[in-house]
Ligand code: NAD
C-alpha cells in the first residue's frame, strides 16, 4: 500500500506551462515512423545516429525509403560544434526538410543543434533514458568549452518511444542512464519553480524506475521492464524540460566537465548524496522519493538502488583525489543558484567527501 507523502499547505502558488510535443509510446511503434513523417510533412529526412548505431540508422532509412534525404551516422558525445557544421553541410546538400534522430542524448543533441540553426522539424526516437528529447535545452561544446541554451526551436516536435529499441542497451549503460533520469525527477520535486503536475510526474518516474531498473539489467530482453523504464524516462525528461535543476546537476556538470567523467555514471553515483544534502530542507520531496521507492528514507533508498546498478560506487573509484574534491567544491559554489538548502563550500565539500568514500549518505 502507498504511504502518505507529507504535503505542503493548500495555499501553495505555482505556474504550469506544458511543453508542445507529440508523444507516441509503445512496443512496435517504430513501424509508424513513415506515417509520422507524412503527418509532419517531411519528405527528405536527415537520419542521424552515432557511429555505434549506424546500422539502426540504416534500418530506419530503409523503413522510410524515399523519405530518406541523407544518413549522417556521425553524432558524438557533448555535441561538438565541428560535428554540427559537418552535418549541416550534408543536410543542406541533400535539401533535407526534417530531422530524424535515433539514439541517446548525443544523437538527439546533434538533431537539436541542427534544428537550432535551420528550424527544421524533428522526429526523435530515443534509445536511452537520458530524456533530452523532452527538453528545449541544447548543450554544445566548442574548443573544449560547454555552453547551454534554451530555445523553443530546439524542442523536438514528435517523439516515438519504442522499448524494443532499448533491448540492445547493455546493463552498464542501462543502469546509470536510468539513474540519470531519476536525478532529473528528484531535483524536479524540490525545484524552485516546481508545480503539482510536475511533482506527480516526477514521483511516478522514480516509481517506474524503482520497479524496472534492476529487472532491465538482469534481463535486457524483458520488454515489460524496458517499457516501464522508458515510461519513467519520458516522465523524467518532461520534468527536466519544465523546471530548473539545483545542486545535483550543478555538481555533476562540475565534476563531469572538470575531470572528464562519464555523464550518466556520475549522475548515478551522486544523486543519493545530493538528495541527502537536501534531506532536511525538502521534506515533502524526500517523502515522495521514499514513497516511490517503497522505503522509509529517500536518500537511503537512492543509495541502495545505486549500489545495485552502478559500476563505480565512489568518487575514489573514478580516480579522483581529495585535492580534486577541494577544486570541485570551489567551482560548484560559483554563480549562486537556487537550492532548498543553502549551498556552502563546506557543505558541498562534506558531501563530496562522503561520495569519495562511498559512505551511506
Ligand atoms: P549517448 O547518447 O552518448 O549514448 C551512449 C552510447 O550508447 C553511444 O555510443 C550510443 O550509440 C549507445 N547507445 C545508445 N542507445 C543504444 C541502444 N539502445 N543500444 C546500444 N547502444 C546504444 O548517451 P546518453 O547518456 O543518452 O546521452 C548523454 C548526452 O546527452 C550528454 O552529452 C548529455 O549532456 C546529453 N543530455 C542532454 C539533455 C538535454 O536536455 N539537452 C538531457 C540529458 C542528456
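The values are calculated or read from the model by the stated rules, or taken from the named source; none is laboratory data. If you're wondering where the values come from, they're calculated on a predicted model, not measured in any experiment. Positions of Cβ are backbone-derived with ideal geometry, glycine not excepted, and every protein chain shown enters the neighbour counts.
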Strands (runs of 3 or more DSSP E) contained entirely in the range 93-177, each with at least 1 residues that are surrounded by fewer than 18 Cβ atoms within 10 Å (Cβ to Cβ) and away from the ligand (no atom under 12 Å from the Cβ): 137-142, 145-150
Qualifying position, being outside any loop (DSSP other than H, G, I, E, B), touching a helix residue (DSSP H, G or I) at 6+ places or on another chain (Cβ under 9 Å), outside the structural domain of residue 190 (by TED's automatic domain parsing) and modelled with pLDDT of 95 or more, among 43, 38: 38
Residue match in the range 210-226 (condition: outside the structural domain of residue 53 (by TED's automatic domain parsing), within 13 Å of the ligand (Cβ to nearest atom) and under 17 Å from the mean Cα position of the chain (by Cα)): yes
Single match in 270, 286 (criterion: within 30 Å of residue 145 (Cα to Cα) and surrounded by 23 or more Cβ atoms within 10 Å (Cβ to Cβ)): 270
Unmet requirement for residue 203, which otherwise passes all of (1) assigned to a helix (DSSP H, G or I); (2) over 30 Å from residue 258 (Cβ atoms); (3) within 15 Å of the ligand (Cβ to nearest atom): (3)
Candidates 240, 261, 235, filtered to the one that is more than 10 Å from the ligand (Cβ to nearest atom) and part of a helix (DSSP H, G or I): 235
Failed item, numbered, when residue 335 is tested on (1) part of a loop (DSSP other than H, G, I, E, B); (2) under 16 Å from residue 274 (Cβ atoms): (2)
Qualifying residues in the range 66-80 (those that are closer than 30 Å to residue 256 by Cα and crowded, with 16+ Cβ neighbours inside 10 Å) - the one farthest from the ligand (Cβ to nearest atom): 72
Those residues of the range 209-226 which are part of a helix (DSSP H, G or I), touching a helix residue (DSSP H, G or I) at 6+ places or on another chain (Cβ under 7 Å) and either within 15 Å of residue 306 (Cα to Cα) or free of Cβ contacts under 8 Å to residues at least 24 places away in the same chain (or both), in sequence order: 209, 210, 211, 212, 213, 214, 215, 216, 217, 225
Verdict on residue 232 being surrounded by fewer than 21 Cβ atoms within 10 Å (Cβ to Cβ) and assigned by TED's automatic domain parsing to the domain that holds residue 283: no
